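The values are calculated or read from the model by the stated rules, or taken from the named source; none is laboratory data. In this text, all values refer to a predicted model and were calculated from it rather than measured experimentally. Using ideal geometry, Cβ is built from the backbone for each residue, glycine included, and neighbour counts are taken over all protein chains shown. Surface areas here come from the heavy atoms of the whole protein model, side chains and all, with no ligands, DNA or RNA. Shrake-Rupley method; radii C 1.70, N 1.55, O 1.52, S 1.80 Å.
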Amino acid sequence: MPLPVPVPPEGVDPAWLPPAAFRAVGSRRTLIRGSGPLVETVHGEVDDACRRFGGRVVRDASDDGPYDLVLGLGADGPELLGEEGFTSAREGGTTTVTASGGRGLLYGLFHVVRLGEAAFTGGPSRRTHHPALALRMLDHWDNVAVHPVMGQVERGYAGGSLFWRDGRARGDLDRVRAYGRLLAACGINAISVNNVNVHATEARLLTDRVGEVAAVAEALRPYGVRTHLSVSFAAPVLLGGLSTADPLDGAVRSWWAEATRRVYEAIPDFGGYVVKADSEGQPGPFAYGRSHAEGANLLAAALEPFGGTVHWRAFVYDHRQDWRDRTTDRARAAYDHFVPLDGEFAANAVLQVKHGPMDFQVREPVSPLIGAVPRTRLAVELQATQEYTGQQRHVCWLGPMWSEVLRFRHEDGTSVGESARGGLVAVANVGDDPFWTGHPLAQANLYTFGRLAWQPDAEPRAVLDEWISLSFPDAPTRLADGLHAVLDGSWRTYEKYTAPLGVGFMVQPGHHYGPSVDGYEYSPWGTYHFADRDGIGVDRSVASGTGFAGQYGTPWAGRYESPDTCPDELLLFFHHVPYGHVLKSGKTVIQHIYDTHFEGVEEVEEALSVWALLAGLVDPARHGRVAERYEEQLRSAREWRDQVNSYFFRKSGVPDGRGRLIH
Ligand code: GCW
């Protein structure tokens, strides 16, 4: 029986799957071959499209066509295709998608949907598609119970959670089903459903409340999305009443084995655990004098009989640092903790590393840990939720940043995308907001993440084109151009009016929105810029600084070591330089700060007026929401400009070379 297409509740935005995106498929004759749950999903999709657009769908034909589209499970080189790959071919007027697994067929259907009419034209062709990375995952930092400081979703800017409200499962699974469908359409195949900071209520999802997770898993399964759970390393103590959570303790091992067996009883295709241990106050193996490999392997052993994976986060650093202590450098921490453990992790343990060494700033170098653990399965973690990039009140399309990260090559020539054998993960940016992502244009980040996880070397602008043509199926060129105009450069614009040259932070402490140049300067978090009257930046060189630059191989260690060879955009991440230091651009650091801050605001003004001209081409609700957020972005960008420029003018006493007003 074809599975009916999930209908999101009234008023919820269709995002990149509006009915019109299915016109090309829905107006044709389609044959579907094969059986299995995901084939029913595919059938349901095509059926729904045909009802709208007048086409016809036949299952396992006795009737012999001709067909415009054949979607089938089959032995078309399945050994090459795996569970998720597919071939697409065109021959004699028929487009054929063949996959050896249900997920592959589903991805093949969405491939045809993306191509639209183009899928049904042109001469003979044949292409094989498979994802570069087997795991393409979103981590939800959703709390089950509302946290007094962090709310329902930690660092969430899109309303409440899709799964939980006020301490319990929300139950409206139609929305979750519709979510799974959106995820499948951009290639995402896994999510974790709760915050990595596991509080008391959330901890119980592992045991007596696992049924609530099972319900979410069931809603997502028809779209090929597997469910994972964040767990507390202290669960044996918190939930099992044991006196220890020591990973080498026999009772602890049995407790995890039994708890995990029960999870699989409830969720047979459960993906595994995500763990934040010994990080920002979460419990971990250090309390027992054990290593993080011993900690991770404990959970890996419990998951192994069922084919599950533990995602062990590498975000381990001293968050109670004394700002006076110049010997501790937070940027070094992940590498220092985990490189010595390379080779010690179980085969089903994945080390999940943030893409930069600090914490999702608008500009950071690539984490040196990513290139330094060849014997460890590694996942790279990005942040789609815009904690430090405007909190979904500012437009900041992260495609170009992520693409730079994924294409970066460490010494052995392997790109970050290739190193991420354990998958690509993003912290989710969605919630129960009618537009899913708070800012309607932030949907582009979610879509882009999925597509880059499928193909890390994809051209981000081409991905944006896909997002535009799916989300706005009848877009005139003027709309597509306008969307590119406001999105393409938005990350660089955001960078211009916020913290300069890779120095990071300068945000208001706690909630991290808006400027506060010294907000974290004397805090315990290890995030300092060291500005004084003469200069700014963090000396992370080997010669005179913290030695962080030496964690890279060739050529990066050498390049980052000297201010003469360090790329401008990372200069203040690696060096403390005088305000008069001349950048490769030919400008002094201080003049660069002034210029970029003025430019950043001008670019927001420009984007705002481009957006205004698109009224009438975008539906009024969406247009209005974006217009409203632009007003706030502009207000905030001006605040950033004026605070940053005034701060550095007052510190340095150097006037703006162009004589503009600085307060
Ligand atoms: O970026 C920081 C956030 C925390 C988050 C932490 C992490 C979930 O400010 O809110 O905690 O990173 O990645 O664990």
Query raised in the report: Can you find even one residue in the range 427-442 that is touching a strand residue (DSSP E or B) at 6+ places or on another chain (Cβ under 6 Å), more than 30 Å from Q551 (Cβ to Cβ), at pLDDT 95 or above and outside any helix (DSSP H, G or I)?
Result: yes
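Just to be sure, is P476 over 20 Å from the mean Cα position of the chain (by Cα) and either open to solvent by 10 Å² or more (accessible area, probe 1.4 Å) or of a type in the set (V, I, T) (or both)? Lay out the reasoning, then the answer.
Numbers: over 20 Å from the mean Cα position of the chain (by Cα): yes; either open to solvent by 10 Å² or more (accessible area, probe 1.4 Å) or of a type in the set (V, I, T) (or both): yes.
Yes, satisfied.
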Could we say that V503 is within 16 Å of the ligand (Cβ to nearest atom), of a type in the set (A, V, I, L, M, F, W, C), open to solvent by less than 30 Å² (accessible area, probe 1.4 Å) and touching a residue at least 40 places away in the same chain (Cβ under 8 Å) here? no
Only one of (1) touching a strand residue (DSSP E or B) at 6+ places or on another chain (Cβ under 8 Å); (2) part of a helix (DSSP H, G or I) does not apply to A557, and that is (1)
Result of the Cβ filter at 8 Å on the range 125-142, keeping first residues that are under 26 Å from G74 (Cβ atoms) and partners that are polar (S, T, N, Q) and in a loop (DSSP other than H, G, I, E, B), at least 6 apart or interchain, is P131/Q455; A132/Q455; L135/N189; R136/N189
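Hey, can you tell me all the residues within the range 647-660 that are part of a helix (DSSP H, G or I) and surrounded by 14 or more Cβ atoms within 10 Å (Cβ to Cβ)?
If we filter the range 647-660 for residues that are part of a helix (DSSP H, G or I), which is where we start, we get 647-652.
If the condition is that a residue be part of a helix (DSSP H, G or I) and surrounded by 14 or more Cβ atoms within 10 Å (Cβ to Cβ), then Y647, F648, F649, K651, S652 are the ones that fit.
Consider the range 604-624. How many of its residues are of a type in the set (D, E, K, R) and either open to solvent by less than 40 Å² (accessible area, probe 1.4 Å) or assigned to a strand (DSSP E or B) (or both)?
1
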Restricted to the range 268-277 and to residues being within 25 Å of the chain's Cα centre (by Cα) and free of Cβ contacts under 8 Å to residues at least 60 places away in the same chain, the residue farthest from the ligand (Cβ to nearest atom) is D269
Checking G295, G308, G371 in turn, the sole residue that is small (G, A, S), at pLDDT below 95 and over 30 Å from H511 (Cβ atoms) turns out to be G371
| Can we say D488 is in contact with a Lys or Arg (Cβ under 9 Å, 6 or more places away or on another chain), in the same structural domain as F360 (by TED's automatic domain parsing), open to solvent by 20 Å² or more (accessible area, probe 1.4 Å) and under 27 Å from R136 (Cβ atoms)? | no
E280: passes all of (1) under 24 Å from the mean Cα position of the chain (by Cα); (2) away from the ligand (no atom under 11 Å from the Cβ); (3) open to solvent by 30 Å² or more (accessible area, probe 1.4 Å) but (2)
Residue set G482, G450; condition closer than 21 Å to V12 by Cβ and open to solvent by less than 30 Å² (accessible area, probe 1.4 Å); output residue G450
Does the range 242-255 contain any residue that is surrounded by fewer than 16 Cβ atoms within 10 Å (Cβ to Cβ), assigned to a helix (DSSP H, G or I) and of a type in the set (A, V, I, L, M, F, W, C)? yes
### Filter result for A557 (over 24 Å from G413 (Cβ atoms) and either among the charged types (D, E, K, R) or at pLDDT 95 or above (or both))
no
Matching residues in the range 216-240 (open to solvent by 10 Å² or more (accessible area, probe 1.4 Å), in a helix (DSSP H, G or I) and under 17 Å from V144 (Cβ atoms)) number 1
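Does Y630 satisfy the condition of being in contact with a helix residue (DSSP H, G or I) (Cβ under 7 Å, 6 or more places away or on another chain), open to solvent by less than 60 Å² (accessible area, probe 1.4 Å) and under 19 Å from L483 (Cα atoms)?
On the way: in contact with a helix residue (DSSP H, G or I) (Cβ under 7 Å, 6 or more places away or on another chain): yes; open to solvent by less than 60 Å² (accessible area, probe 1.4 Å): yes; under 19 Å from L483 (Cα atoms): yes.
It is true that Y630 is in contact with a helix residue (DSSP H, G or I) (Cβ under 7 Å, 6 or more places away or on another chain), open to solvent by less than 60 Å² (accessible area, probe 1.4 Å) and under 19 Å from L483 (Cα atoms).
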Exactly one of V97, V25, V5 is modelled with pLDDT of 95 or more, open to solvent by less than 30 Å² (accessible area, probe 1.4 Å), closer than 30 Å to N445 by Cα and outside the structural domain of V112 (by TED's automatic domain parsing), and that one is V5
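So that you can scan it fast, the table gives a plain yes or no per residue for (1) acidic (D, E); (2) assigned by TED's automatic domain parsing to the domain that holds L446:
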{"residue": "H111", "(1), (2)": "no, no"}
{"residue": "E117", "(1), (2)": "yes, no"}
{"residue": "F120", "(1), (2)": "no, no"}
{"residue": "N143", "(1), (2)": "no, yes"}
{"residue": "P148", "(1), (2)": "no, yes"}
{"residue": "G159", "(1), (2)": "no, yes"}
{"residue": "D166", "(1), (2)": "yes, yes"}
{"residue": "D172", "(1), (2)": "yes, yes"}
{"residue": "N195", "(1), (2)": "no, yes"}
Okay, strands (runs of 3 or more DSSP E) sitting entirely in the range 101-213 with 1 or more residues that are crowded, with 21+ Cβ neighbours inside 10 Å, I get 136-139, 142-147, 151-153, 190-192
